[in-house]
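Novice: Next up is a structure, given as structure tokens.
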Amino acid sequence: MKRTGNMKGIENRTAPFFVIIGASMWGVDGIVLRPALYGLPVPLVVFIESTIVALILSPYFIRKIYSLKNLDYRDWLTFFFVALLGGAVGTMAITKALFFVNFVNLSVVILLQKLQPVFAITFATIFLKERLSKRFFIWAALAVVGAYFMTFSTNLPDLSTGDKTTMAAFFSLLAAFSFGSSTVLSKRALRNVSFEMGTYLRFFFSAVILFVIAFAMGDIEKISEVSTTQAIVFLIIAFTTGGAAIFLYYYGLKRISASVSAICELAFPLTAVVLEYVIRGNLLDPVQWIGAGLLLFSIIKVSA
């Protein structure tokens with residue numbers, strides 16, 4: 001019994017790092033993989049990736065279908081809204097925002113993504129009754145400040161890219177709200193199922209919702225326009241930044257509070273900025289490196 005308790009303690013202490021890894025993979029998705037899908041209808045993009053992951057996880061679902069007897073109507077409703085907000089609305093919104101700025105000017109997109117923890121922590125306090133210490137708020141605030149300086153240094157966000165910037169800002173804000181809400185709902189949804197089953201249900205409901213949206217908008221018939229390269233990218237996303245990332249994220253989220261998870265998810269903009277430097281040669285200045293260090297240190301302190 002003592003050994004089991006020790007193992008559970010180790011799992012709980014390491015859980016935030018699984019959320020950080022999952023969020024970092026989302027950064028890879030936005031900078032490295034998703035640009036290859038530019039030109040396809042956004043609902044079709046999200047429908048295809050959700051469907052692929054749901055199909056991959058179907059054998060697990062069939063083996064563990066008996067575990068669904070533990071779910072009541074509130075659990076099913078929660079998973080539906082997780083899929084609607086996180087899997088459908090949030091993913092479509094962030095993809096649309098990136099498409100609007102053509103993956104070049106990410107300032108507005110990344111800035112507004114930093115509001116996600118604000119939504120998540122607020123909803124976690126209201127709906128999950130999570131009690132947050134003064135220490136948490138101090139480190140959470142420093143994490144957001146660090147994320148800002150890491151992205152923009154001492155400059156203001158670049159809003160001079162034309163009318164599309166306004167639309168990118170709107171969709172980024174919608175994504176931040178949707179993902180923040182989804183974090184809290186996912187925490188509630190995972191109460192009565194394993195993180196593996198939670199991952200499957202999220203993508204299954206997302207695929208169903210996105211099929212309805214894509215069909216209603218006439219995008220389903222455009223699936224024939226998917227090139228061989230894009231098909232390969234979809235498979236890579238399913239096994240890495242899509243399915244695998246949510247798998248790791250849910251493993252961590254099941255063991256920590258939604259509020260802590262929201263701060264750990266700031267690893268997404270951190271990864272995006274670092275990849276901008278590695279891939280596109282956008283060198284970070286000293287202030288940005290200080291911001292990155294502050295962000296990392298704050299995430300570690302919040303997770304401890």
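Novice: With helices defined as uninterrupted DSSP H runs, which ones in the chain have an alpha carbon span along their own long axis of at least 18 Å and mean Kyte-Doolittle hydropathy of at least 1.6?
Specialist: Correct list, ordered by number: 42-63, 195-216.
Novice: Now a separate question. Counting each DSSP H run of 4 or more residues in the chain as -39500 (n - 2.57), what helix-only mean residue ellipticity at 222 nm follows after dividing by all residues, to the nearest 500 deg cm²/dmol?
Specialist: Dividing the helical sum by the residues of the chain leaves -23500 deg cm²/dmol.
Novice: Which value, in debye to the nearest 20, describes the size of the charge dipole of the chain about its Cα centre when Lys and Arg Cβ atoms bear +1, Asp and Glu Cβ atoms bear -1, and nothing else is charged?
Specialist: 1460
Novice: Taking trypsin sites (Lys or Arg not before Pro) that fall in a DSSP loop and have at most 15 other Cβ atoms within 10 Å as cut points, what is the longest piece of the chain between them?
Specialist: Values: sites that count: LYS64, LYS129, ARG131, ARG191.
Result, exposed sites excluded: 192-304.
Novice: Let me ask something else. Compute the Rg/Rh shape ratio of region 214-304: radius of gyration over Kirkwood radius, all on alpha-carbon atoms.
Specialist: Looking at region 214-304, the ratio lands at 1.11.
Novice: Could you tell me which of rounded, prolate or oblate describes the chain, using a ≥ b ≥ c as the square roots of the eigenvalues of the alpha-carbon gyration tensor, with rounded for a/c under 1.5 and, failing that, prolate when a/b is larger than b/c and oblate otherwise?
Specialist: It is oblate, given that a/c is not under 1.5 and a/b is not larger than b/c.
Novice: On to the next question. So which of LYS254/LYS301; LYS64/LYS134; LYS96/LYS134; LYS64/LYS222; LYS69/LYS301 end up more than 31 Å apart by C-alpha?
Specialist: In this structure, LYS64/LYS134; LYS96/LYS134; LYS64/LYS222; LYS69/LYS301 exceed 31 Å between Cα atoms.
Where a number appears in this text, it was derived from the coordinates with a stated rule and is not lab data. Computed from a predicted structure; not experimentally measured. We place every Cβ from the backbone using ideal geometry, glycine too, and count neighbours over all the protein chains shown.
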